[in-house]
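A short write-up of the structure that comes next.
The values are calculated or read from the model by the stated rules, or taken from the named source; none is laboratory data. Note that the structure is predicted; figures quoted are calculated from it, not measured. Here the Cβ is made from the backbone with ideal geometry for all residues, glycine too, and neighbour counts use every protein chain on show. Remember, those area values only see protein heavy atoms, side chains included, never the ligands or the DNA or RNA. Shrake-Rupley method; radii C 1.70, N 1.55, O 1.52, S 1.80 Å.
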Amino acid sequence: MIINTGAALLFDIDGTLADTDEFHREAYNEVMKPWGEVFDHERYAREIQGFTNADITARLLPNESIERRLALSELKEATFRRMVRGHVRPKPGLMALLDRADSAGVPMAAVTNAPRPNAEMMLDALGITQRFRRIVISDELAHGKPHPLPYLEGLRATNGRAEHALAFEDSRSGIRAAVAAGLATIGLAASGNHAQLVESGAAVAVDDYHDATVAKWLRDRLGL
């Protein structure tokens, strides 16, 4: 096995490392109830999934102050952490993939629009924090997804070269960010949204990491 120079794996967290989007949707429905907002799966995927809290609250609550939007975002994330605690499970095939990358010395980073407390809680619950060179938090950068900056930071943290790196994403916003950074991106599909992820730029959309297509991309792109 000859690993390509600049090989790296970059992962989104929510919906990509673990199935947590339903908890996020429920949390938004709970905190937005006073405004009469209801998010079914389609609306959640279209307006919420993959975007930063600042973007979301600015669109949903344009007449509220920045301070009120920030407070609401913090309440939503606290609600999410309460709901998801004890329910974080890795996507099928994830652990085997991480083991394979670690054994080959391929560096990895997590790249997320989630706030740091959420990201750290999720990775700790999965027991995989130490596997990542860096946790890239969009709120700590000048731009979040769908801007490419978070993934460019992920490449920098792993000394990755886009042509020999691979990203994993579950949202249309995240896929656009990774593709704009020059990364081939595998979409982790949920609720049968394979076509939407491919339309957003994913090279392929799969149900989980067991899919044989994932192994082919790892071999062809990274030499893994």
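Just a few scattered comments:
- With every protein chain in place, segment 30-160: carbon and sulfur % of accessible area (1.4 Å): 51 percent
- Between helix 66-84 and the chain there is an angle of about 60 degrees, using the helix long axis and the longest principal axis of the Cα atoms.
- The modelled label-to-label distance between E22 and A104, using points 7 Å beyond Cα along the C-beta direction, is 3.3 nm.
- Sorted from greatest to least, the principal axis extents spanned by the alpha carbons of segment 10-65 come out as 36, 20, 16 Å.
- The string of couplings for segment 156-167 from the Karplus curve (6.51, -1.76, 1.60, θ = phi - 60°) is 5, 5, 9, 6, x, 10, 3, 6, 10, 10, 9, 10 Hz, one whole number per residue in order, with x for Gly and Pro.
- About its Cα centre, the dipole of segment 93-224 is roughly 360 debye, where the only charges are +1 on Lys and Arg Cβ and -1 on Asp and Glu Cβ.
- 3J(HN,Hα) along segment 95-103, derived from phi through the Karplus expression 6.51 cos²θ - 1.76 cosθ + 1.60 where θ = phi - 60°, amounts to 4, 5, 5, 5, 4, 5, 5, 4, 4 Hz, with x in place of Gly and Pro.
- Only lysine pairs 8 or more places apart or on separate chains count here, and in the chain those with Cα atoms under 24 Å apart total 5.
- Net lengthening on full extension, R68/H87 (0.36 nm per residue, minus Cα-Cα): 3.9 nm
- Once the 1.4 Å probe is applied to the protein heavy atoms, segment 47-206 comes out at 42 Å² accessible per residue.
- Cβ charges +1 (Lys, Arg) and -1 (Asp, Glu), total dipole of the chain, debye: 440 debye
- The chain: calculated mean residue ellipticity at 222 nm from DSSP helix runs of at least 4, using -39500 (n - 2.57): -12500 deg cm²/dmol
- Relative contact order, whole percent, for segment 100-177 stands at 31, derived from Cα pairs under 8 Å and 6 or more residues apart.
- Per-peptide average of other Cβ atoms within 10 Å, ordering 6-15, 96-105 highest first: 6-15, 96-105
- Overall dimensions of segment 114-189, expressed as equivalent-ellipsoid semi-axes from the Cα gyration tensor (√(5λ), whole Å, largest first), are 19, 14, 13.
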